[in-house]
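One structure below.
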Amino acid sequence: MMEGDDARGLYWLESGWVKVVKYSPSGREQILSFIKAKQTFNEVGAFSKLPNPATVIALEPVEILVIPKEDIRSFIREDADFSQHVIEVMATRLNHLVMLVEDLSLRQVTSRLARLIQGEAVDGILSRPEWYTQTELASRLGTVTDVVQRSLRKLEEDGIIEVARDQIKIVDPEKINSISV
């Protein structure tokens with residue numbers, strides 16, 4: 001799905017992972033979100049007359065279903081539970097984007113990185129699929145790979161995290177919490 005194209009409808013990701021991105025004129029990428037299986041994307045395009053607001057890129061093999069705009073509008077009119085679910089998803093996405101703007105404008109990279117690790121870790125571990133590289137982290141944090149590498153190294157040297165190829169482990173939850181605020 002390419003930014004600026006006509007929106008066909010609402011997309012349901014049946015399997016795999018995709019990322020939603022915006023590009024600067026120079027080609028720099030800002031990741032807006034990652035979408036995992038059993039989630040929807042392109043609500044703005046599906047519920048408005050606007051074109052696709054961002055580009056969506058598959059990170060691994062995916063299966064995607066498209067629910068045409070006309071069908072979505074019928075579901076909205078006919079099913080209050082579906083309508084409520086759509087509103088909740090859109091509110092969650094809007095909140096995520098507001099937090100992204102806050103992070104990019106008000107926090108240093110190390111603080112943004114600590115916040116991301118803390119927010120996505122499960123039982124103190126952020127698992128990283130093969131595609132979740134330092135380049136992806138940099139794009140998500142609104143910076144460049146070198147800065148992410150330095151921030152990871154600093155957090156590791158300070159005994160806050162341990163970095164492995166497939167995961168980042170939080171070693172000191174109190175310190176990472178104080179940095180991510």
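All of the numbers you see were taken from the coordinates with simple rules; none came from a lab. Note that the structure is predicted; figures quoted are calculated from it, not measured. Every residue, glycine as well, gets a Cβ built from its backbone with ideal geometry; the counts of neighbours run over all protein chains shown.
Give me the net charge for the shell around Val171: Cβ to Cβ below 11 angstrom, other residues only, Lys and Arg +1, Asp and Glu -1.
On the way: positive: Lys169, Lys175; negative: Glu156, Asp158, Glu162, Asp172, Glu174.
Residues near Val171 contribute -3 overall.
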Subject >> FRET efficiency, Thr145 to Glu120 (Cβ-Cβ, R0 22 Å, nearest 0.05) >> reply: 0.70
Subject >> Residue among Val122, Val44, Val147 with the largest mean-square fluctuation in a Gaussian network model of the chain, springs linking Cα atoms under 10 Å >> reply: Val122
Subject >> Computed label-point distance, nm, for sites Glu156 and Lys22 using a 7 Å Cα→Cβ extension >> reply: 3.2
**OP:** Once you've got the GNM for the chain with C-alpha springs shorter than 10 Å, pick whichever of Gly142, Gly119, Gly27 has the biggest mean-square fluctuation.
**Re:** Gly27
Subject >> Furthest towards positive pole of dipole, Thr145, Leu94, Ile67, structure part the chain, Cβ charges >> reply: Thr145
Original post:
Only one of the listed values, [x] 11.3; [y] 13.9; [z] 10.3, was derived from the coordinates as mean projected area of the Cα convex hull in nm²; which label is it?
Top reply: [x]
Subject >> Percentage relative contact order, the stretch 109-180, counting C-alpha pairs under 8 Å, at least six apart >> reply: 44
**OP:** Determine which residues of the stretch 57-75 fall in the zone a paramagnetic label at Thr133 would reach in this model, i.e. backbone nitrogen under 18 Å from the point 7 Å along Cα→Cβ.
**Re:** 57-61
Original post:
Hey, what did the chain get for relative contact order, percent, Cα under 8 Å, at least 6 apart?
Top reply: 21
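Rank the residues Glu136, Glu63 as a footprinting-exposure proxy: fewest other Cβ atoms within 10 Å of their Cβ go first.
Values: Glu136 19, Glu63 10.
The order, fewest Cβ neighbours first, is Glu63, Glu136.
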Subject >> Phi to ³J(HN,Hα) by Karplus 6.51 cos²θ - 1.76 cosθ + 1.60 over the stretch 80-87, Hz, x for Gly, Pro >> reply: 4, 5, 4, 4, 4, 4, 4, 4
**OP:** Just flag the GluC sites (Glu not before Pro) in the stretch 3-44 sitting in loop per DSSP whose Cβ has no more than 16 other Cβ atoms within 10 Å.
**Re:** Glu3
